[in-house]
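Please treat every number below as a calculation from the coordinates, not as lab data. Please read all numbers here as calculations on a predicted model, not as lab measurements. For neighbour counting, all protein chains shown are included, and Cβ atoms are generated from backbone atoms with ideal geometry for every residue, glycine included.
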Amino acid sequence: MYTLLCFAGLSALLQIAHAQVTCSGSFASITAEDFVANLHPGWNLGNTLDAIPDEGSWNNAPVQAATLDLIKESGFNSVRLPVTWTHHFTGGSPDWTVDPAWLQRVSDVLDLITSRGLYAIVDVHHDSWEWADVTAAGADLAQIEEKFYRLWYQIGTTLACKSSLVAFESINEPPANTAEDGAEINKLNSIFLQAIADAGGFNSQRVVNLVGGGQDSIKTSQWFEVPEGITNPWAIQFHYYSPYDFIFSAWGKTIWGSDDDKDILTTDFELIRNNFTDVPLILGEYDASSVNTEPAARWKYFDHIQRVASQFGISTIMWDNGADHLDRTTGQWRDPTTLDIVVGTTENTANSLPDSTEDASAAEQQSSAFIFHQVGTDVTSQSLPYLFNGNSLVSITESDGSVLASGSDYSVSGSNIIFSTAYLATKYTASSAPGVIDTLTLQFSGGAASPTIQIVQWDTPVLSSTSASASAVSGSDLSIPITWNGLPKLATVKALTNSGVYLFDDWTQWLGPLQQARATYSNHWNWDTNNVIITAASIDAVVAAGQTSVFTFEFYPRVDGGGNTVEFTLTV
Ligand SMILES: *[C@@H]1O[C@H](CO)[C@@H](O)[C@H](O)[C@H]1NC(C)=O
């Protein structure tokens with residue numbers, strides 16, 4: 001009750017100064033259930049209007065209409081538009097005026113989305129870990145509430161007359177560590193509702209997305225409370241990036257897809273569904289990037305997440321930071337198989353997918369998303385285990401459109417696709433130059449996916465140098481030029497001091513041989529077109545350890561015995 005009184009007082013105060021918007025035309029009312037059902041599948045226009053400080057500040061150019069055409073053509077029904085407002089306030093307390101040009105830009109981008117018949121969800125995004133972080137040391141909750149009300153009042157005013165294709169989402173991933181924090185997020189949901197109602201227009205009929213602490217399924221289940229007196233049609237939005245190690249390439253976790261892996265994901269979704277049996281649920285962000293995850297594992301992951309979301313009636317909106325999935329510059333999907341799975345899979349879809357190692361304790365990783373051939377070895381037939389899932393293989397096509405001959409180029413035996421020696425000899429010899437030779441596309445009699453197989457000739461990569469002085473290179477990332485000699489990406493990196501101490505996370509000694517002593521993508525290691533990268537944080541760790549350390553770069557295929565790895569030493 002205290003909460004409600006306090007916040008009613010706030011709105012009464014602010015309402016005095018502001019008139020409500022009146023819209024011409026009418027609003028086609030829609031229930032939250034229909035809105036949520038209709039928006040699936042959705043796509044996030046990530047790292048764009050949410051970039052800090054401004055649109056264009058991160059890895060994407062300002063929004064192009066052509067990108068939204070592609071999203072529509074690709075089969076999506078909605079776009080979530082994350083917006084960070086922090087750097088667009090032109091005044092402080094008590095008005096917290098937002099730059100009208102920025103409000104107009106958000107309005108214009110929403111129009112680009114909805115004019116294509118796409119549903120849209122607009123939010124308050126990275127503000128949650130800037131000024132609106134209720135968990136920050138010394139956080140001034142009264143000021144956060146005042147600013148949050150004023151922000152949503154201004155957004156609500158600018159967007160008051162948007163059609164019912166537009167929904168508002170209170171706040172993205174608000175940090176919350178305790179039940180008190182969770183209660184404060186509930187209060188922010190209420191303030192958000194009051195602010196948009198005070199702004200007027202069609203807002204009182206508009207679908208809203210409410211969130212719980214962290215916008216994660218567990219904290220939302222624990223702490224979310226329905227705002228008292230809510231009259232808007234409403235849904236809950238949550239996000240899911242789990243398991244962390246697979247999604248973020250931590251600790252050598254390049255394998256996913258065991259029954260245990262699937263059961264954990266199923267249970268996570270089941271728990272939030274069971275907590276909110278009659279509330280429309282939106283999975284507003286999830287991802288397994290085509291940049292850093294292994295394709296067979298990734299496709300199993302997307303397949304399972306879509307099947308489980310469908311089973312529990314949860315609509316999905318995939319995250320795309322602009323580097324993960326759609327290349328907005330070329331208009332190409334980096335991984336068309338992922339797109340097919342995301343757009344086309346329900347609980348009743350049987351996708352045919354490449355089989356791959358699922359046992360996290362394995363010593364090497366097999367993947368039927370590839371035909372790997374090592375330089376210097378004989379050309380022999382290759383048998384790829386495949387998960388047909390009740391479908392039959394209809395055709396295999398090379399990237400230039402040539403169709404392989406069934407029976408001579410390949411055959412199907414049980415659950416294997418066997419590529420003949422004669423066919424593979426047309427693609428490579430023992431001495432062919434290493435690299436990606438071709439990409440085959442498989443067509444099946446059913447399912448949403450037409451998975452690819454990359455033919456890769458590989459040899460051990462070569463670094464341009466193999467050591468450096470840690471203190472001499474500290475302070476920034478160290479880029480080491482590489483000749484890839486195969487698939488041009490890293491699988492993982494092992495980091496050990498000369499005396500065998502794990503540089504990071506020594507508990508990984510309890511994991512399988514492909515994970516022990518492995519460091520984390522982006523935090524500790526990375527790569528670009530021509531380099532592997534040891535991050536400044538890793539170099540600092542070596543300096544702090546005071547021990548010469550060896551970084552072992554690992555590539556696909558992850559074969560037993562280190563045959564596809566190279567070492568780099570940082571000396572102290
Ligand atoms: C609600 O969610 C919590 C946290 O995930 C879980 O412990 C609990 O079992 C869930 N309740 C139901 C009825 O599923």
**Q.** Area projected by the alpha carbon convex hull of the stretch 462-571, averaged over all directions, nm²
**A.** 6.3 nm²
Q) Residues with beta-carbon under 14 Å from that of Ile396, excluding Ile396: net charge, scoring Lys, Arg +1 and Asp, Glu -1? A) -3
(Q) Need one number: the % of Cα-Cα pairs in the chain sitting beyond the 32 Å mark. (A) 51 percent
Q) In 20 Å bins starting at 0, how do the alpha-carbon pair distances of the stretch 31-349 split up by percent? A) 34, 60, 6
Q. Expressed as a whole percent, how much of the Cα-Cα distance distribution for the stretch 370-458 exceeds 15 Å?
A. 58 percent
Q | Convex hull volume of the stretch 200-296 per residue (C-alpha atoms, cubic angstrom) | A | 133 Å³
Q | Charge tally in the Cβ shell below 14 Å around Ala323, where Lys, Arg are +1 and Asp, Glu are -1, Ala323 excluded | A | -3
Q.
Give me the count of lysine pairs in the chain whose alpha carbons sit under 16 angstrom apart, restricted to pairs 8 or more positions apart or on different chains.
A. 7
Q) Which ³J(HN,Hα) values, rounded to whole Hz and listed in residue order, are derived for the stretch 261-267 from phi using the Karplus coefficients 6.51, -1.76 and 1.60 in 6.51 cos²θ - 1.76 cosθ + 1.60 with θ = phi - 60°, glycine and proline given as x? A) 3, 5, 4, 4, 5, 4, 5
Q.
Around Trp234, under 12 Å between beta carbons, what's the net of Lys plus Arg minus Asp minus Glu among the other residues?
A. -2
Q. Given the rule -39500 (n - 2.57) for each run of at least 4 DSSP H residues, summed and divided by the residues of the chain, what is its mean residue ellipticity at 222 nm, to the nearest 500 deg cm²/dmol?
A. -8500 deg cm²/dmol
Q: Estimate the FRET efficiency between Ala422 and Val572 by the formula 1/(1 + (r/R0)^6), using the beta-carbon distance for r and 51 Å for R0, to the nearest 0.05.
A: 0.40
Q) How big is D for the stretch 306-372, in µm² s⁻¹ as a whole number, if Stokes-Einstein is applied with the Kirkwood radius of its Cα pairs at 37 °C and 0.692 mPa s? A) 227 µm²/s
Q. So what are the radius of gyration and Dmax for the Cα set of the stretch 390-543, in Å?
A. 21.0, 60
Q: Report the extension gain between Gln443 and Ala179 in nm, rounded to one decimal, defined as 0.36 nm multiplied by the number of residues separating them, less their alpha carbon distance.
A: 90.0 nm
(Q) Need one number: nm distance between label points at Thr397 and Asp260, each 7 Å from Cα along Cα→Cβ, rounded to one decimal. (A) 4.1 nm
Q) Given H placed on each backbone N at 1.01 Å, which residues far from Ile371 in sequence or on other chains put an amide H within less than 5 Å of it? A) Gln454, Ile455, Val456
